[in-house]
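Worksheet for the structure shown next.
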Amino acid sequence: MAWILLVLLYGILKGLREIAKKKAMTKNTVMEVLVSYTFISFALALPQAPNAGGLESRFYLLIALKAFAVFLAWICSFNSIKHLPVSLYGILDLSRVLFATSFGVFALGETLGPMQILGLAIVCAGLLLLKFRIPFGKKEEVSPRTLENKSIPPLYVALALVSCFLNAVSGFLDKVLMKDITSSQLQFWYMLFMVIYYALYVLAKRERISLSVIKNKWIWILAVTFVIGDKALFIANGIPESRITVMTLVKQSSCLVTIVGGYLVFKEKDTAYKIFCAAVVIAGIVIGMI
């Protein structure tokens, strides 16, 4: 069950990334963080270049598609997390369970046993409990520091959900690709395509990237946790016994990290209720793994 431990590592690092994202954007803009984060991550992946060659053309196309899905997902998620409490975003992110499970069942032919169906139902229940607590209201100017006392514009929740769907597409492609290529090949080319997409975006939009990103330690933490987490996830996908339906459930351990981080780092409120919702979701994850 080594693949479960690898996915658990990914989930923990993913939770830490959500906290680092929000902290990084207190010092730099969304696009500055995204671009610098991507370029640093690619630099960290460069040592894998010697082992990244020899792919068939169809794999380059699939990796480019995966990278484009993540490119869009990051723009949605960074804009969303900038305006949402990190703990709330972390639990909303659990909705990718529904998208990824659908890909696993309908596209990869994986089957759901009675315990997995029960676990998925409990996860959905936890998400619904959270949904009814979200204080939707009219759109207004929102400050990350005062958000918890204001209404949350539905736009940012919608962006979080679009990001979840695109990340589920990426996870599906990971499983497909890792049947035939290595983790080094996938990580190197995926990051290269990401760099190309963001470079084109910056040129087209004439975005200005401040050199202050170099001094933003949270961007470096983002890049390191991203590269390590993705490497663990790619290796897990390459293990034949791994299943995308179970992997998706295990990934949601990240919500516990975001809830604790939201309380300790950002002094967010309503933590007890969020922990209750997360406990319901985690119970579903445990049942789904039986």
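The values are calculated or read from the model by the stated rules, or taken from the named source; none is laboratory data. Nothing here was measured: the structure is a model prediction, and the numbers come from that model. As a convention, Cβ positions derive from the backbone with ideal geometry for all residues, glycine included, and neighbour counts pool all protein chains shown. The area values use the complete protein model at the heavy-atom level, side chains included, leaving out ligands, DNA and RNA. Shrake-Rupley method; radii C 1.70, N 1.55, O 1.52, S 1.80 Å.
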* Asked: Which entries of 231/267; 14/66; 22/175 show an alpha-carbon separation above 26 angstrom in the structure shown?
  -> 231/267; 22/175
* Structure fact -> The relative contact order of the chain, taking Cα pairs under 8 Å that sit 6 or more residues apart, comes to a percentage of 44
* Asked: Carbon and sulfur: what percent of region 1-90's accessible surface (1.4 Å probe)?
  -> 72
* To do: State which helices in the chain qualify, where a helix is a whole DSSP H run, it must extend 27 Å or more along its own axis by its Cα atoms, and its mean Kyte-Doolittle hydropathy must be at least 1.0.
  => 57-83, 154-177, 217-238
* To do: Could you check how much of the accessible area of region 194-290 is carbon and sulfur, as a whole percent, using a 1.4 Å probe?
  => 71
* To do: In a Gaussian network model over the chain where Cα atoms closer than 10 Å are linked, find which of 112, 161, 16 has the largest mean-square fluctuation.
  => 112
* Quick one: how many Å² of residue 203 are accessible to a 1.4 Å probe, rounded to 10? -> 130
* Structure fact -> The simple spin-label model distance between residue 43 and residue 210, using points 7 Å out along Cα→Cβ, in nm, is 1.9
* Asked: Taking only protein heavy atoms and a 1.4 Å probe, what accessible area per residue, in Å², does the chain have with all protein chains in place?
  -> 45
* Top mean-square fluctuation among 275, 259, 63, Gaussian network model of the chain, C-alpha springs under 10 Å? -> 275
